[in-house]
Amino acid sequence: MQKRILNIFILVLVLNTGNCFASNDSTPTLEPEQLITGSSLLNHNYNTVLYKAGVDVYGRYFSGLFLFKQILADTSYRIVMLSEFGLSYFDFKYKNGNFTVESCQDFLNKPMLIKMLQKDLHLLLSEIENPKKIKTFTGKNIKQPAYKFKYKSDKYYYFYTLNNQLKKARVKESLFRSIDIHIDGYDKEIPKQITIDHLRKKLKIHLTLLKIEY
């Protein structure tokens, strides 16, 4: 009898120990709204983030460097794209959700293209505040957390890894206009690779992380 009680005690101890290890290794489950509002990609504390960039626009390809710099003095960002030879393709200032064009090359300085570029950068730098009508998004090949919601005038679809990192976003502006954002890996909170694809439009941006300065 005593041996049986001892065996039961050992079994309970082992099970409890296993549960402790499992809870330490698991990622905390967040509510959908917490997950979505915390999914800003480049709105974090850093000095500069530098990406190698490739841009396809209207059948023309050009490459260079994408620089995101925080200006702490006035809580703004500067977003600059440079060629490999140091030529500035464009220089934008972003503050409180608004953009100012500091400079832009003529072949890029088209109202529709500027609007698309600024929408892309806004998606990278802004935070989703008060998302509406959040619902779980399911599908045949979706095995990880995914949600759809409304924000301002657009419909959003967010797909996450099991450790709560955003891996894909789709923004539907209308029935025929949408933007896909793919994220491949993170260095702490900063995406290592970002691909932005305007479906049905001729604009695609690919960014590969080179350096972060804090």
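Test G59 against the criterion of being over 16 Å from I205 (Cβ atoms), out of contact with any strand residue (DSSP E or B) (no Cβ under 7 Å at 6 or more places or on another chain) and at pLDDT below 95, and give yes or no. Considered against the rule, which asks whether it is over 16 Å from I205 (Cβ atoms), out of contact with any strand residue (DSSP E or B) (no Cβ under 7 Å at 6 or more places or on another chain) and at pLDDT below 95, G59 comes out as no.
Of everything in the stretch 172-185 that is more than 12 Å from the chain's Cα centre (by Cα) and in a strand (DSSP E or B), the residue that is nearest to G54 (Cα to Cα) is I179. Does at least one position in the stretch 27-50 carry a residue that is part of a strand (DSSP E or B) and hydrophobic (A, V, I, L, M, F, W, C)? Within the stretch 27-50, one or more residues are part of a strand (DSSP E or B) and hydrophobic (A, V, I, L, M, F, W, C).
Filtering T48, T100 for residues that are without any contact (Cβ under 8 Å) to a residue 12 or more places away in the chain and not aliphatic (A, V, I, L, M) leaves a single hit, T100. Search the stretch 56-81 for residues being buried (at least 17 other Cβ atoms within 10 Å of the Cβ) and aliphatic (A, V, I, L, M), and hand back the single one that is farthest from the chain's Cα centre (by Cα). Once the filter is applied, the top-ranked residue is V57. Residues in the stretch 154-183 that are more than 21 Å from L121 (Cβ to Cβ) and touching a residue at least 60 places away in the same chain (Cβ under 8 Å): 4 in all. Each residue in the stretch 67-82 was checked for being in a strand (DSSP E or B) and closer than 22 Å to I128 by Cβ, and 5 of them qualify. The residues of the stretch 186-213 that are within 12 Å of the chain's Cα centre (by Cα) and assigned to a loop (DSSP other than H, G, I, E, B), listed by number, are E189, K192. Residues that are farther than 30 Å from L67 by Cβ and in contact (Cβ under 8 Å) with a residue 40 or more places away in the chain within the stretch 131-153 comprise I134, T136, P145, Y147, F149, listed in sequence order.
Tallying residues that are at pLDDT 95 or above and either over 19 Å from L65 (Cβ atoms) or assigned to a loop (DSSP other than H, G, I, E, B) (or both) within the stretch 85-97 yields 0.
The values are calculated or read from the model by the stated rules, or taken from the named source; none is laboratory data. From a predicted model like this one, the values you see are computed outputs, not experimental measurements. Virtual Cβ from ideal backbone geometry, glycine too; neighbours counted across all protein chains shown.
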